[in-house]
Amino acid sequence: MPLVESPLPALVDAPSAGPALAARNPMPSPWVSESPRTTPRGPLTCAQFVIDAQDRIKARRISQEDSHFARACEGASLRQLLAELSPLWDRILPASLFEAEQSLFLPELTPGMPGVGLGLHRLRFGDAMTVTLAPELAPPAELKKLGLADLSADPASFARLFLRLRTIEARLDQTLTLLPGVVFHQRSDFSFANVGPGFEALLGISPQPLAKNGQPFLRLIHEADERAFHAELERNRMNDRPFSQVYRILNPQSGAYLYLLDIRTAVRTSGGLVLGYEGIWLDITRQKIAEHRLSSRAWRESLSTLTSGLLQDFSNVMTGIYSLSELYHNTLPNRHPLRDGLGLIKDNAGQAQRLLRKILDLNREASGEKTYVNLGRIVREQLDLLKIILPRGTQLAGPVEEGEWPVFIDETAFRQTLVNLAMNARDALRGPGEIRLSLNPVVAGQIPAPGSRPPLPPQRATSVELIFSDNGTGITPAHVDRIFDPFFTTKDASRGAGLGLYHARLFAESCGGAIAARSTPGRGTEIVLVLPLVDLDHCQPPIPGEAAIPRTMRGLYLERDMTDEGPIVESLRSREWSVRTIATLEHARRYLREEGSRLDFVFVRQDEPDTSLRVFLAELRRDHPGLRLALNIVNSSDEQAGALRAQVDLFLPTGITESDAVDALAKLLRLP
């Protein structure tokens with residue numbers, strides 16, 4: 001049975017208000033013309049048809065004013081009727097309308113006005129198909145080539161145009177907000193005509209001064225990358241295609257360098273004069289971290305493969321020297337003049353063999369495998385290798401005895417961590433200095449290394465504290481909180497990538513430990529590495545973050561347009577929580593992309609709720625479903641509060657005190 005058995009009743013429009021409208025608008029429209037081009041050849045509103053497999057009309061719903069379809073009676077071919085209205089439509093229409101369901105656009109609903117056409121939309125139901133015809137604007141690719149004179153003079157056409165522009169504008173704003181990058185329009189003098197949202201969060205400076213002067217931006221580019229930046233722009237000056245480059249840029253607020261992927265296209269006149277650049281910046285710092293770690297691993301594997309034969313040959317030579325010197329040394333009488341010389345050769349050959357073994361251990365592929373080891377033994381064994389790294393004449397002191405320090409760690413990663421610490425200490429020394437390594441017990445309840453940054457919490461069980469100290473230049477208070485962040489460095493580009501202490505932090509966290517620093521500018525630095533001791537009687541390895549050192553709660557505090565940290569931040573930190581404060585939504589989004597997996601909670605405080613806050617909360621739920629979310633709205637109605645409660649884990653009412661808010665958050669996190 002067909003879907004529709006009888007014609008639908010015809011739509012009857014309201015009586016025309018032409019005379020009254022004419023009285024109110026005596027001035028004719030500038031687009032009105034007596035030319036036939038103003039006569040539409042399709043429906044003015046909307047027309048619907050039900051057709052069968054042969055395109056024959058079975059039912060219709062049209063306006064009485066659409067005289068074009070007066071012959072659209074039952075049994076007539078809809079495809080033939082449309083083809084007769086325009087030869088151009090005849091070429092566009094398929095041989096059968098019933099064959100497919102995709103929509104079509106028939107241009108020039110009014111002859112000579114390509115801005116508005118006829119949209120043809122099809123939907124099949126069994127052996128029948130519904131065809132809807134409605135006036136529509138031309139597709140964007142065609143509409144951007146047209147002007148106002150190519151549109152019909154009726155208000156409906158301009159209403160459609162206005163609605164499309166508003167829709168595109170809203171979508172563009174939303175896209176720029178969610179885009180993991182910052183779009184920009186830079187003039188040829190490097191000042192900025194426009195920057196997208198997230199600029200200040202990415203670069204740490206306000207975009208307003210850059211609208212007139214681009215030099216502050218250029219000064220942020222790393223000095224080792226500045227020449228390459230300008231050379232790449234010059235090389236692509238006549239290039240019509242997008243080009244990209246990667247460079248480091250300083251964020252003055254954080255003091256860290258970011259790796260930016262800069263993708264841009266030159267904007268030029270018809271004569272080839274460059275007016276500026278349209279582009280986008282993408283923060284690829286974490287990608288560079290991954291690339292660096294993969295490169296380091298690949299290098300270690302290549303080094304092990306290429307030098308294994310040479311090291312083995314060298315070991316055989318030293319074995320021969322050691323064996324012969326030992327043989328002749330033992331056969332000579334005690335007062336023989338050559339005995340002392342042969343003894344020195346034997347001792348040095350033995351020391352060379354031991355050093356060779358340490359180099360092999362440092363570059364072996366066993367990294368990642370944790371075992372039970374005595375930390376004191378490894379530290380003492382590594383001293384000989386550390387002496388090679390440090391400047392000649394540096395005094396290196398370690399533990400007098402191995403002691404009993406049982407830990408469950410990755411031995412190779414720990415040796416590499418000691419090398420990284422030694423290299424940082426070497427760069428901090430003004431010349432020959434003093435390096436000291438010491439091991440100290442930390443009992444349950446004791447706070448290791450008071451005054452260190454970040455502060456270390458009291459221990460839940462017995463731990464060992466390794467202090468790596470130097471008497472170098474020290475670290476300024478502004479930098480000491482960031483030395484364990486990736487790519488943070490105060491050295492020249494040729495002296496390090498800023499990953500040594502970051503890898504040390506990863507090692508400590510993977511073993512259930514922690515790392516911190518104490519420094520006095522001009523006097524030296526202490527790096528404190530705390531590792532949990534294991535009970536060999538039970539042979540139970542510690543659980544990272546729970547065994548000897550309780551994991552420090554980390555959180556993000558967001559208060560928009562915040563000028564200084566208020567009492568609620570102090571209350572959060574009074575519980576020894578690590579809290580990062582941020583004042584913009586874009587900065588918060590970027591921080592969550594980088595550090596969201598390491599956070600325990602997000603605390604949002606705002607005067608009044610708005611749409612941007614609801615979007616931000618929805619993004620948090622989508623991207624970080626396991627993150628605890630607390631919200632405090634200073635001024636909100638009961639209706640607004642009820643809508644927001646469903647988006648958060650903890651809703652703090654208006655007027656709550658700082659201590660009560662923090663207690664409620666601690667209860668949410670299941671903390672004492």
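The values are calculated or read from the model by the stated rules, or taken from the named source; none is laboratory data. From a predicted model like this one, the values you see are computed outputs, not experimental measurements. All Cβ positions, glycine included, derive from the backbone under ideal geometry; neighbour counts span all protein chains shown. Ligands, DNA and RNA are stripped out before the accessible areas are found, and what is left, the full protein with its side chains, is counted by its heavy atoms. Shrake-Rupley method; radii C 1.70, N 1.55, O 1.52, S 1.80 Å.
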What number, in percent, do you get for the relative contact order of the range 47-102 if the mean sequence gap of Cα pairs under 8 Å and at least 6 apart is divided by its residue count?
32
Carbon and sulfur %, accessible surface of the range 187-299 computed with the full protein complex present, 1.4 Å:
52
Give, as ranges by residue number, the residues of the range 155-196 whose backbone N falls under 16 Å from the point 7 Å along Cα→Cβ of Ala134.
156-165, 167
Rounded to the nearest 0.05, what FRET efficiency is calculated for Leu179 and Leu273 with R0 set to 45 Å and r the Cβ-Cβ distance?
0.90
Heavy-atom SASA rank of Asp410, Asp649 (probe 1.4 Å, accessible area, largest first)
Asp649, Asp410
Mean accessible area per residue over the range 155-232 (1.4 angstrom probe, all protein chains present, square angstrom) is 58
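How large a share of the accessible area of the range 70-130, in percent, is made up of carbon and sulfur atoms when the probe is 1.4 Å and the other protein chains stay in place? Don't jump to the answer; show the numbers that get you there.
Details: 1560 of 2760 Å².
In the range 70-130, the share of accessible area belonging to carbon and sulfur is 57 percent.
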Hey, what's the range 374-433 come to in accessible area per residue, 1.4 Å probe, Å²?
44
As a test question: what accessible area, to the nearest 10 Å², does Ser188 have when a 1.4 Å probe is rolled over all protein chains in place?
70
On the full set of protein chains, 1.4 Å probe, figure out the accessible area of Thr331 and give it in Å² to the nearest 10.
90
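Provide the gained length on full extension for the span Ala231 to Glu595, in nm with one decimal, where the gain is 0.36 nm per separating residue minus the Cα-Cα distance.
Length difference between fully extended and current span is 127.6 nm.
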Suppose each label sits 7 Å from its Cα in the direction of the beta carbon; what would the Gln102-Glu401 distance come out to in nanometres?
8.4
If you rank Leu210, Leu88 by how much accessible surface each has, with a 1.4 Å probe, what is the order from largest down?
Leu88, Leu210
Separation of the Ser438 and Thr285 label points, Cα + 7 Å toward Cβ, nm:
3.5
Going 7 Å from the Cα of Glu619 toward and past its Cβ, which residues in the range 184-223 have a backbone nitrogen under 11 Å from where you end up?
197-198
Extending each Cα 7 Å along its Cβ direction at Arg670 and Lys370, get the distance between those two points in nm, one decimal.
2.1
Let me check something: with ligands and nucleic acids excluded, how do Arg453, Arg227 order by accessible area (1.4 Å probe), largest to smallest?
Arg227, Arg453
Report the accessible area of Cys511, computed with a 1.4 Å probe over the heavy atoms of all protein chains in place, in Å² rounded to the nearest 10.
0
A chain fully extended from His121 to Arg460 at 0.36 nm per residue, minus the present Cα-Cα distance, gains in nm 115.1 nm
Gap in Å between the Cα centre of the range 647-661 and the Cα centre of the range 427-488?
36
Note down the relative contact order for the range 612-661 as a percent, whole number, built from C-alpha pairs under 8 angstrom at least six residues apart.
39
At 0.36 nm per residue, minus the direct Cα-Cα distance, what do Leu218 and Phe243 gain on full extension? Give it in nm, one decimal, please.
7.1 nm
